[in-house]
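The values are calculated or read from the model by the stated rules, or taken from the named source; none is laboratory data. Remember, it's a predicted structure, so these values are computed and weren't measured experimentally. All Cβ positions, glycine included, derive from the backbone under ideal geometry; neighbour counts span all protein chains shown.
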Amino acid sequence: SRGASIILISGPSSLNPPREVEFYSVESALEMHKKVMEMLVQVDGVIMAAAVSDYRPAKKEAGKIKKSSEEGFILELVQNPDILRKLGEKKRNKILVGFCAETKNLEREAKKKLEAKNLDLVVANDLTLEGAGFGVDTNVVTLIDKKGEVEHLSKRSKREVAKRIWDKIKGLME
């Protein structure tokens, strides 16, 4: 209803994707990275709301890992690709929106992410506020764009937050 064609790339979720989107399901950060980079050529912008894991196990076991001693088990992790940073490096004239969730120094950390990842807009979530973040139908966010404009959105429905984000993106595209 807002005039956009949507490609949704999602990791495992119990939610059903909206019927009006082109939907791709991925299982891992590596699969998400591959699909997002593949689709980049087809889009005018990317809204990267996924909280993709920074690390993955270095090796994948075929079955259950059995206890072998009382000493425990050492799990070696390797870093996943930073999808948002890779998008920022390759975006050219595309709009790139990222999200961050912080418990302190919200604006400072959001501005650092905006710069480091070459974003056009960052949506910063303060996880210390009641009615904000995960597991609730409302949110309190701060929008910071590449021009340095900061907009604080007071507590409102996530639908209203999404509408304001979309309006901001449309403004950046003009």
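Working carefully through the options E71, E76, find the one that is exposed (fewer than 10 other Cβ atoms within 10 Å of the Cβ), of a type in the set (D, E) and at pLDDT below 90.
Details: E76 fails: at pLDDT below 90.
Sole residue among the options that is exposed (fewer than 10 other Cβ atoms within 10 Å of the Cβ), of a type in the set (D, E) and at pLDDT below 90: E71.
Hey, can you tell me all the residues within the range 40-77 that are assigned to a loop (DSSP other than H, G, I, E, B), touching a helix residue (DSSP H, G or I) at 6+ places or on another chain (Cβ under 9 Å) and over 14 Å from G88 (Cα atoms)? Steps first, answer last, please.
The initial filter retains those residues of the range 40-77 that are assigned to a loop (DSSP other than H, G, I, E, B), namely 43-44, 49-54, 58-76.
Still in the list and also touching a helix residue (DSSP H, G or I) at 6+ places or on another chain (Cβ under 9 Å): 44, 50, 52-54.
Those that are assigned to a loop (DSSP other than H, G, I, E, B), touching a helix residue (DSSP H, G or I) at 6+ places or on another chain (Cβ under 9 Å) and over 14 Å from G88 (Cα atoms): A50, V52, S53, D54.
Keeping to the range 135-154, report how many residues are in contact with a Ser or Thr (Cβ under 9 Å, 6 or more places away or on another chain) and at pLDDT 95 or above. Steps first, answer last, please.
Going through the range 135-154, the residues in contact with a Ser or Thr (Cβ under 9 Å, 6 or more places away or on another chain) turn out to be 137-140, 150-153.
Adding the requirement that they be at pLDDT 95 or above leaves 150-153.
Total meeting the criteria: 4.
(1) surrounded by fewer than 14 Cβ atoms within 10 Å (Cβ to Cβ); (2) farther than 21 Å from A4 by Cβ: which one isn't true of E174, the others all being true?
Going through the list (1) surrounded by fewer than 14 Cβ atoms within 10 Å (Cβ to Cβ); (2) farther than 21 Å from A4 by Cβ, E174 breaks only (2).
Any chance you could count how many residues in the range 104-118 are free of Cβ contacts under 8 Å to residues at least 12 places away in the same chain and under 20 Å from E89 (Cβ atoms)?
Qualifying residue count for the region: 2.
For residues in the range 150-171 being surrounded by 15 or more Cβ atoms within 10 Å (Cβ to Cβ) and basic (K, R), which is nearest to I95 (Cα to Cα)?
K168
If K59 satisfies all but one of (1) more than 26 Å from A124 (Cβ to Cβ); (2) touching a strand residue (DSSP E or B) at 6+ places or on another chain (Cβ under 7 Å); (3) charged (D, E, K, R), what's the number of the condition it fails?
Answer for K59: the failing condition is (2).
I'd like to know if the range 12-28 contains one or more residues that are touching a residue at least 40 places away in the same chain (Cβ under 8 Å) and not in a loop (DSSP other than H, G, I, E, B). Don't jump to the end; show me each part of the working.
Narrowing the range 12-28 to residues touching a residue at least 40 places away in the same chain (Cβ under 8 Å): none.
The answer is no, given that none of the residues of the range 12-28 is touching a residue at least 40 places away in the same chain (Cβ under 8 Å) and not in a loop (DSSP other than H, G, I, E, B).
Can you say whether R85 is under 15 Å from the mean Cα position of the chain (by Cα), among the charged types (D, E, K, R) and not in a loop (DSSP other than H, G, I, E, B), as far as the supplied structure shows?
On the way: under 15 Å from the mean Cα position of the chain (by Cα): yes; among the charged types (D, E, K, R): yes; not in a loop (DSSP other than H, G, I, E, B): yes.
The answer is yes for R85.
Which ones in the range 48-70 are of a type in the set (A, V, I, L, M) and free of Cβ contacts under 8 Å to residues at least 40 places away in the same chain? Spell out the reasoning first.
Initially, the range 48-70 is screened for residues of a type in the set (A, V, I, L, M), giving 48-52, 58, 62, 65.
The answer is A58, A62, I65.
Quick one: count up the residues across the range 88-118 that are assigned to a strand (DSSP E or B) and touching a helix residue (DSSP H, G or I) at 6+ places or on another chain (Cβ under 8 Å).
Quick first cut of the range 88-118, residues assigned to a strand (DSSP E or B) only: 95-102.
Those left that are additionally touching a helix residue (DSSP H, G or I) at 6+ places or on another chain (Cβ under 8 Å): 95-98, 100, 102.
Going through the range 88-118 one residue at a time, the tally reaches 6.
Consider M37 against the criteria (1) of a type in the set (A, V, I, L, M, F, W, C); (2) surrounded by 13 or more Cβ atoms within 10 Å (Cβ to Cβ); (3) assigned to a strand (DSSP E or B): it satisfies all of them except one. Which criterion is unmet?
Evaluating M37 over (1) of a type in the set (A, V, I, L, M, F, W, C); (2) surrounded by 13 or more Cβ atoms within 10 Å (Cβ to Cβ); (3) assigned to a strand (DSSP E or B) leaves (3) as the failure.
Determine whether the range 119-140 contains at least one residue that is within 19 Å of G88 (Cα to Cα), in contact with a strand residue (DSSP E or B) (Cβ under 7 Å, 6 or more places away or on another chain) and part of a loop (DSSP other than H, G, I, E, B). Before the answer, list the steps.
The initial filter retains those residues of the range 119-140 that are within 19 Å of G88 (Cα to Cα), namely 119-124.
After this cut, where a residue has to be in contact with a strand residue (DSSP E or B) (Cβ under 7 Å, 6 or more places away or on another chain) as well, the list is 119-124.
Checking the rest, the ones that are also part of a loop (DSSP other than H, G, I, E, B) come to 119-120.
Within the range 119-140, one or more residues are within 19 Å of G88 (Cα to Cα), in contact with a strand residue (DSSP E or B) (Cβ under 7 Å, 6 or more places away or on another chain) and part of a loop (DSSP other than H, G, I, E, B).
Determine, yes or no, whether G3 is out of contact with any helix residue (DSSP H, G or I) (no Cβ under 7 Å at 6 or more places or on another chain), in a loop (DSSP other than H, G, I, E, B) and under 25 Å from I169 (Cβ atoms).
On the way: out of contact with any helix residue (DSSP H, G or I) (no Cβ under 7 Å at 6 or more places or on another chain): yes; in a loop (DSSP other than H, G, I, E, B): yes; under 25 Å from I169 (Cβ atoms): yes.
Yes.
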